[in-house]
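Working notes, structure below.
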Amino acid sequence: MKVIMLGAPGAGKGTQAKKIAAKYHVPHISTGDIFRANIKNGTELGKKAKTYMDQGLLVPDELVVDLVVDRVNQEDCVDGYVLDGFPRTIPQAEALDKALAALGQKVDYAINVEVPDENIVTRMGGRRACVGCGATYHLEYAPTKKEGICDACGRELILRDDDKPETVTKRLNVYHEQTQPLIDYYTQAGILKEVDGTVDIEEVFRAITVILGE
Ligand code: ADP
Ligand code: AMP
């Protein structure tokens, strides 16, 4: 099962992708997580990516595509995967389709988690990420058991630099210009599925399991 998560930044792609990965036993591949791990480890890729991420811009396609194509060719991906945050541009989607076609494969579902821009600002302002394992929470909608402390690893939580209000507005504009056209792209491919992302986390997931099968 090869699934792509679409939606604005903060729509809940990562939250749902983790649940899909756990239920359907496929790896969760988040390009944002891969970049953040590279930044943390001080790699060349991380240094390059950070300059774009801090400004709310997309990392150039050439830094993303090969990385994802290599990743989906790894052995743990034979039964599928859930891609979170990729593709984010039409050229990325085309490159993915081309790489998969060369292997006689294709994406099965592109799930668009729909959340209006007004809700996104609250979502991102309340998102907290763990400095250790990268797990994400929300102050109001997905709180930790102990305030400010990660449930999974016990480290502290922070507001991501790119979740600050001024950067969120920029990221939303970038989303509308560069990523939203993918909705048409996957509609034309006949694999687009829409879910309402404004309802609570479990309800969104129920709608996704109806699409993917129980
Ligand atoms: P994305 O991966 O699309 O950027 P996240 O999954 O990180 O988004 O979700 C953004 C924030 O909103 C997180 O703090 C998350 O806990 C919270 N969140 C996710 N889904 C919902 C939901 N259905 N209702 C309320 N809050 C949500
Ligand atoms: P995310 O965690 O998915 O919100 O991603 C955080 C940031 O990483 C984005 O705002 C981009 O700067 C960068 N990024 C993640 N995935 C991609 C991608 N597929 N293409 C370009 N930039 C990306």
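Sparse packing (at most 16 other Cβ atoms within 10 Å of the Cβ) combined with a DSSP loop state is found for the following chymotrypsin sites (Phe, Trp or Tyr not before Pro) in region 119-214: 141.
From the square roots a ≥ b ≥ c of the eigenvalues of the alpha-carbon gyration tensor of the chain, which class results: rounded (a/c under 1.5), prolate (a/b over b/c), or oblate? Taking the square roots of the gyration eigenvalues as a ≥ b ≥ c, the chain is rounded. If every alpha-carbon in region 1-122 counts as one equal scatterer, what log10 I(q)/I(0) does Debye give at q = 0.21 1/Å? The calculated log intensity ratios at q = 0.21 Å⁻¹ are -1.34.
May I ask for log10 I(q)/I(0) of region 168-214 at q = 0.18, 0.25, 0.26 Å⁻¹, from a Debye sum over the Cα atoms as equal point scatterers with solvent left out? Normalising to I(0) and taking log10 leaves -0.75, -0.94, -0.94.
Of all the options 197, 134, 12, the one that moves most in a Gaussian network model of the chain with Cα springs shorter than 10 angstrom is 134. Per DSSP H run of at least 4 residues, take -39500 (n - 2.57); add these up for the chain, divide by its residues and hand me the 222 nm value, nearest 500 deg cm²/dmol. Helix-only estimate at 222 nm: -13500 deg cm²/dmol. Note on residue 23 and residue 1: the model spin-label points, each 7 Å out from Cα along the C-beta direction, lie 0.7 nm apart. In region 100-214, the alpha-carbon atoms span a convex hull of 158 Å³ per residue. Could you tell me whether region 56-103 comes out rounded, prolate or oblate from its Cα gyration tensor? Rule is a ≥ b ≥ c as square roots of the eigenvalues, rounded for a/c under 1.5, then prolate if a/b exceeds b/c, otherwise oblate. It comes out prolate by the Cα gyration axes. Across region 1-160, Cα pairs under 8 Å and at least six residues apart give a relative contact order of 30 percent.
Bear in mind that the values in this text are calculations on the coordinates, not laboratory data. The structure presented is a predicted model; accordingly, all values stated were derived computationally and were not measured. Quick reminder, even Gly has a Cβ in these numbers, built from the backbone with ideal geometry, and neighbours come from all protein chains shown.
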